[in-house]
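Peer 1: Please see the structure below; I have some questions.
The values are calculated or read from the model by the stated rules, or taken from the named source; none is laboratory data. Being a predicted model, the structure only gives us computed values, none of them experimental. Cβ placement follows ideal geometry from the backbone for every residue including glycine, while neighbour counts extend to all protein chains displayed.
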Amino acid sequence: MNFFLIFKTITIIQKPKTMKKLEDLFEHQLKDLYSAEDQLTKALPKMVENAKDSKLKKAFEDHLEETKGHKQRLEDICSELDIDPSGETCKAMEGLIKEAESFLDEDTSDDVKNAGMIAEAQRVEHYEISAYGTAVRFAKELGHNNIADKLQQTLDEEYSADQKLDNLAEGRLNEKAKA
């Protein structure tokens, strides 16, 4: 096989799916969210391991379990819509995780590490809030009301996780980092 045929074959395999309707975009969004949740289930244990505050460690442990539930909920939604959730890579989550891992390598005091980890985790939460908000809206516009309700449940849980992180930061961890 010559080089041209190999290149042409690779190009065909990597060609992205055409999105012509909102339903196509919705499917893409669900796959992207699934990838994001999958990546997060692999990254959160590192946050648990690096948290130097027992309440922050517990918050990360709880969110890991919740994230596994989000991933399962997306699998159920995709099954209901006859969609294979795999095959996408959420580049945004990939970047957010890379940024958080880079922060973990910084030379910081334990208190600054805790405050910084909250900041990194909130970036992730804000991305997820945006993505799930969009998915809820698309599901409603497409008449998938049951699916919209399931996605809204995850969106509510993401808002709650963000608020818990706020409470930890404002309640005492940022104060400790100032010292």
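Peer 1: Which members of segment 138-179 meet the condition of being under 18 Å from the mean Cα position of the chain (by Cα), farther than 30 Å from Thr108 by Cα and among the charged types (D, E, K, R)?
Peer 2: Selection gives Lys150, Asp156, Glu157.
To keep it simple, each residue is scored yes or no on (1) more than 15 Å from the chain's Cα centre (by Cα); (2) crowded, with 20+ Cβ neighbours inside 10 Å; (3) modelled with pLDDT under 95.
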position: Pro45; (1), (2), (3): no, no, no
position: Lys55; (1), (2), (3): yes, no, yes
position: Glu66; (1), (2), (3): no, no, no
position: His70; (1), (2), (3): no, yes, no
position: Leu81; (1), (2), (3): yes, no, no
position: Glu94; (1), (2), (3): no, no, no
position: Asp111; (1), (2), (3): yes, no, yes
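Peer 1: Looking only at residues in segment 121-159 that are in a helix (DSSP H, G or I) and small (Gly, Ala, Ser), which one is surrounded by the fewest Cβ atoms within 10 Å (Cβ to Cβ)? Can you show your working first?
Peer 2: Just the residues of segment 121-159 that are in a helix (DSSP H, G or I), to begin with: 121-141, 145-159.
Add one more test, that the residue is small (Gly, Ala, Ser), and what stays is 121, 130-131, 133, 135, 139, 148.
Values: Ala121: 27, Ser130: 13, Ala131: 23, Gly133: 15, Ala135: 25, Ala139: 23, Ala148: 20.
Of everything passing the filter in segment 121-159, Ser130 is surrounded by the fewest Cβ atoms within 10 Å (Cβ to Cβ).
Peer 1: A follow-up question, please. With the requirement that a residue be outside any helix (DSSP H, G or I) and not polar (S, T, N, Q), what does segment 35-92 give you? Can you show your working first?
Peer 2: Pass one, segment 35-92, residues outside any helix (DSSP H, G or I): 51-53, 81-90.
Of everything in segment 35-92, those that are outside any helix (DSSP H, G or I) and not polar (S, T, N, Q) turn out to be Ala51, Lys52, Asp53, Leu81, Asp82, Ile83, Asp84, Pro85, Gly87, Glu88, Cys90.
Peer 1: Among the residues of segment 99-106, is any part of a helix (DSSP H, G or I), small (Gly, Ala, Ser), closer than 26 Å to Leu151 by Cβ and more than 16 Å from the chain's Cα centre (by Cα)?
Peer 2: Taking segment 99-106 as the starting set, the residues that turn out to be part of a helix (DSSP H, G or I) are 99-104.
Okay, now just the ones that are also small (Gly, Ala, Ser), so 100, 102.
Imposing the further condition that a residue be closer than 26 Å to Leu151 by Cβ reduces the set to 100.
Subsequent filtering for residues that are more than 16 Å from the chain's Cα centre (by Cα) retains none.
Among the residues of segment 99-106, not one is part of a helix (DSSP H, G or I), small (Gly, Ala, Ser), closer than 26 Å to Leu151 by Cβ and more than 16 Å from the chain's Cα centre (by Cα), which makes the answer no.
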